[in-house]
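Structure first, commentary second.
The values are calculated or read from the model by the stated rules, or taken from the named source; none is laboratory data. From a predicted model like this one, the values you see are computed outputs, not experimental measurements. Because the Cβ atoms are built from the backbone with ideal geometry, glycine has one as well, and the counts that use them run over all protein chains shown. The accessibility values were calculated without ligands, DNA or RNA, using every heavy atom of the protein model including side chains. Shrake-Rupley method; radii C 1.70, N 1.55, O 1.52, S 1.80 Å.
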Amino acid sequence: MARNKIALIGAGNIGGTLAHLAALKGLGDIVLFDVVEGVPQGKALDLSQCGPVEGFDAKITGTNDYADIKDADVIIVTAGVARKPGMSRDDLLGINLKVMKAVGEGIKANAPNAFVICITNPLDAMVWALREFSGLPHNKVVGMAGVLDSARFSHFLAEEFQVSVKEVNSFVLGGHGDTMVPVVEYSTVAGIPIPDLIKMGRSTQERIDAIVQRTRSGGGEIVGLLKTGSAFYAPATSGIAMAEAYLYDQKRLLPCAAHLTGQYGVDNLYVGVPVIIGKDGVEQVVEIELDAAAKANLQVSVDAVKELLVACKGIDNSLA
Ligand SMILES: NC(=O)c1ccc[n+]([C@@H]2O[C@H](COP(=O)([O-])OP(=O)(O)OC[C@H]3O[C@@H](n4cnc5c(N)ncnc54)[C@H](O)[C@@H]3O)[C@@H](O)[C@H]2O)c1
Ligand SMILES: O=C(O)C[C@H](O)C(=O)O
């Protein structure tokens, strides 16, 4: 059986980490694409030289030519710019929208059957635009943010309750911005909901509220520390988890930016919701019951994403 082909569009911090993880996990042969000449080729050569030490024999190549992503099974898009301290993700919209246009056209021409995971920010608007530019079916284009945001939430909760992260499950819904919605009611430690743990005196509402707020600004916290760019290890790990769910038909239920057609009262928008990912891509959007506060917060987040789409349409009238 032929190996899977994984194309990574953008060979920067996340792209390089994705390639490393994909090789270590034996997901398939890897093509790193970037507009900068030499960078994808250099990273591919460096990563290939991990093979003899790690014992993987994935073919890893670097390219500046979209023809080389031909017939990729999975494409993960990180092309564009990352924010620096003092910027919001939304400040990246103008420049990254143009990048999405080039990437979408490259995918359309060369790999129209791929499962495409977008990571570029501002995520919910960029995944929507990438889908529009590529013309791929909506179930084959998805955005990565909720897996990362939930991982952050789970990490902070594990610290709070002093338990292994393996015991913690959490959900962050909504757009990948300051208005994201960490859902406390559906977050658990060994199956025990956080509100019950508060009642049991294991934490307080104030401490959980602070963790929710830290999760919301989790990306900014890392940007502030790194100063030259944004998080890349956990974003890459999160993207790989989504790729594995597709490649191995795992039917994982993950929070991802998916195209909504009325679910959660939202139409023709990409926003973070629980979805099942398997061999057909996004196979189902799962509608969970939200309390009034979570519903209202989700609406605020959805409205913020809507505003970004208006801005996209204003910049590129082929999207209008
Ligand atoms: N969705 C999320 O949760 C999440 C998490 C972290 C970062 N991000 C976003 O991911 C993106 C990438 O982050 P990074 O840290 O890898 O940035 P980076 O600057 O390290 O890498 C980006 C790469 O894209 C390349 N590039 C620029 N224009 C391109 C084009 N037209 N075609 C192909 N490649 C192009 C650049 O040359 C660079 O190598 C940023 O927009 C960042 O904000 C999103
Ligand atoms: O915060 C950023 O700009 C990058 C990313 O969206 C993140 O959440 O780490």
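A few points about this structure:
- Region 236-286: number of residues that are surrounded by 19 or more Cβ atoms within 10 Å (Cβ to Cβ) and of a type in the set (Ser, Thr, Tyr): 4
- Qualifying positions in region 2-32 - touching a residue at least 60 places away in the same chain (Cβ under 8 Å) and of a type in the set (A, V, I, L, M, F, W, C): ILE6, ALA7, LEU8, ILE9, ILE14, LEU18, LEU21, ALA22, LEU27
- Taken together, ASP249, ASP209 contain a single residue that is assigned to a loop (DSSP other than H, G, I, E, B), away from ligand 2 (no atom under 16 Å from the Cβ) and of a type in the set (Asp, Glu), which is ASP249.
- Some residue of region 41-49 being out of contact with any Asp or Glu (no Cβ under 6 Å at 6 or more places or on another chain), in contact (Cβ under 8 Å) with a residue 60 or more places away in the chain, of a type in the set (A, V, I, L, M) and open to solvent by less than 50 Å² (accessible area, probe 1.4 Å): no
- Some residue of region 207-225 being under 17 Å from ARG152 (Cα atoms), surrounded by 18 or more Cβ atoms within 10 Å (Cβ to Cβ) and of a type in the set (D, E, K, R): yes
- Tally, over region 86-140, of residues that are farther than 15 Å from ILE69 by Cβ, more than 10 Å from ligand 1 (Cβ to nearest atom) and either among the β-branched types (Val, Ile, Thr) or not in a helix (DSSP H, G or I) (or both): 4
- Candidates ILE9, ILE76, ILE30: the one that is within 16 Å of ligand 2 (Cβ to nearest atom), outside the structural domain of ALA231 (by the TED database) and crowded, with 24+ Cβ neighbours inside 10 Å is ILE76.
- Failed criterion for LEU97 (all others in (1) under 23 Å from MET180 (Cα atoms); (2) more than 16 Å from the chain's Cα centre (by Cα); (3) open to solvent by 20 Å² or more (accessible area, probe 1.4 Å) hold): (3)
- Criterion: surrounded by fewer than 24 Cβ atoms within 10 Å (Cβ to Cβ), free of Cβ contacts under 8 Å to residues at least 40 places away in the same chain and away from ligand 2 (no atom under 16 Å from the Cβ) - qualifying residue of GLU132, GLU185, GLU160, GLU167: GLU167
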